[in-house]
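Undergrad: Below you'll find the structure I mean.
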Amino acid sequence: DAGITQSPRHKVTETGTPVTLRCHQTENHRYMYWYRQDPGHGLRLIHYSYGVKDTDKGEVSDGYSVSRSKTEDFLLTLESATSSQTSVYFCAISEVPGSYNEQFFGPGTRLTVL
Amino acid sequence: QKEVEQDPGPLSVPEGAIVSLNCTYSNSAFQYFMWYRQYSRKGPELLMYTYSSGNKEDGRFTAQVDKSSKYISLFIRDSQPSDSATYLCAFVTGFQKLVFGTGTRLLVSP
């Protein structure tokens, strides 16, 4: 998985609790992304980062925040988890998002919000 | 109308069959056309990409793009059980982000 780890790999939590997912890369790639994958919707971009402390919203950013204090780490936070945020979350990295923007994906985090 | 339409399947074929996977899209601004493969409980990985209309071949895989019809295809020749996976089409937008199809699940039986 191109030197990308995600933690935790599985998490079950309750509605209203805060949750933080971590993505760690060893590739020194500049760009990092958080997606969620749901049946019938495919992969949808939540937030992305184009450098340390530089982030922007994707198409489904409501209820999520991100932070990137180091090149290698990109955190996704659900401030108050809801059942609609039950999903599989993937982190991805890319070196330079020019041309075909090949993105390398992590193994995913399966989150269940009860 | 969704920007990208992809039949979710599953598509079941016997080993050795030719497989055709397709996506239609509506956004004329899409620049690059890609296919990702995703095995069960794994992250997607890039399989092929192409820029222009026409065909691009890589081993048993052929990617085809028809920009005038806004239609892309992935053909797999001599399909193998190891090809069983979900195939996602993806498109690069003008903002250098990817838009994905929902994925087609392919099952190749021995």
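Undergrad: Taking the residues in the range A:44-59 that are facing chain B (nearest Cβ under 9 Å) and not hydroxyl-bearing (S, T, Y) as candidates, determine which candidate is nearest to the chain's Cα centre (by Cα).
TA: My answer is A:L45.
Undergrad: Given B:L74, B:L88, B:L46, which one is at the interface with chain A (Cβ under 10 Å from one of its Cβ atoms), out of contact with any Gly (no Cβ under 8 Å at 6 or more places or on another chain) and not in a loop (DSSP other than H, G, I, E, B)?
TA: B:L46
Undergrad: Failed condition for B:A17, given (1) of a type outside the set (F, W, Y); (2) away from chain A (no Cβ under 12 Å); (3) touching a Pro at 6+ places or on another chain (Cβ under 7 Å), with all others met?
TA: Among (1) of a type outside the set (F, W, Y); (2) away from chain A (no Cβ under 12 Å); (3) touching a Pro at 6+ places or on another chain (Cβ under 7 Å), the lone unmet condition for B:A17 is (3).
Undergrad: Does the range B:59-69 include one or more residues that are within 13 Å of chain A (Cβ to nearest Cβ), surrounded by 13 or more Cβ atoms within 10 Å (Cβ to Cβ), at pLDDT 95 or above and not in a strand (DSSP E or B)?
TA: The answer is no; no qualifying residue exists.
Undergrad: Also: Can you tell me which residue within the range A:1-34, out of those that are over 26 Å from A:S80 (Cα atoms) and acidic (D, E), is nearest to the other protein chains (Cβ to nearest Cβ)?
TA: Checking each candidate, the answer is A:D1.
Undergrad: On to the next question. Looking at the range A:10-37, which of the residues that are under 12 Å from the mean Cα position of the chain (by Cα) and of a type in the set (D, E, K, R) is nearest to B:A90 (Cα to Cα)?
TA: This residue is A:R36.
Undergrad: Sticking with this structure for a sec: On the basis of being without any contact (Cβ under 8 Å) to a residue 24 or more places away in the chain, touching a His at 6+ places or on another chain (Cβ under 7 Å) and either surrounded by fewer than 19 Cβ atoms within 10 Å (Cβ to Cβ) or under 21 Å from B:L47 (Cα atoms) (or both), does A:K70 make the cut?
TA: So A:K70 does not fit the description; no.
Undergrad: On to the next question. Hey, can you tell me all the residues within the range B:84-110 that are closer than 11 Å to B:G16 by Cα and buried (at least 20 other Cβ atoms within 10 Å of the Cβ)?
TA: Of everything in the range B:84-110, just one residue is closer than 11 Å to B:G16 by Cα and buried (at least 20 other Cβ atoms within 10 Å of the Cβ), namely B:V108.
Undergrad: Does B:K56 meet the test of being part of a strand (DSSP E or B) and either more than 12 Å from every other protein chain (Cβ to nearest Cβ) or under 25 Å from A:A92 (Cβ atoms) (or both)?
TA: yes
Condition check ((1) touching a helix residue (DSSP H, G or I) at 6+ places or on another chain (Cβ under 9 Å); (2) modelled with pLDDT of 95 or more) across all residues:
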residue: A:V19; (1), (2): yes, yes
residue: A:H24; (1), (2): no, yes
residue: A:G42; (1), (2): no, no
residue: A:G51; (1), (2): no, no
residue: A:D56; (1), (2): no, no
residue: A:E59; (1), (2): no, no
residue: A:E72; (1), (2): no, yes
residue: A:T86; (1), (2): no, yes
residue: A:Y89; (1), (2): no, yes
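Undergrad: Exactly one condition in (1) within 9 Å of chain B (Cβ to nearest Cβ); (2) among the hydrophobic types (A, V, I, L, M, F, W, C); (3) over 21 Å from B:Y87 (Cβ atoms) is false for A:F105; which is it?
TA: (3)
The values are calculated or read from the model by the stated rules, or taken from the named source; none is laboratory data. Because the structure is predicted, anything quoted here is derived from the model rather than measured. We place every Cβ from the backbone using ideal geometry, glycine too, and count neighbours over all the protein chains shown.
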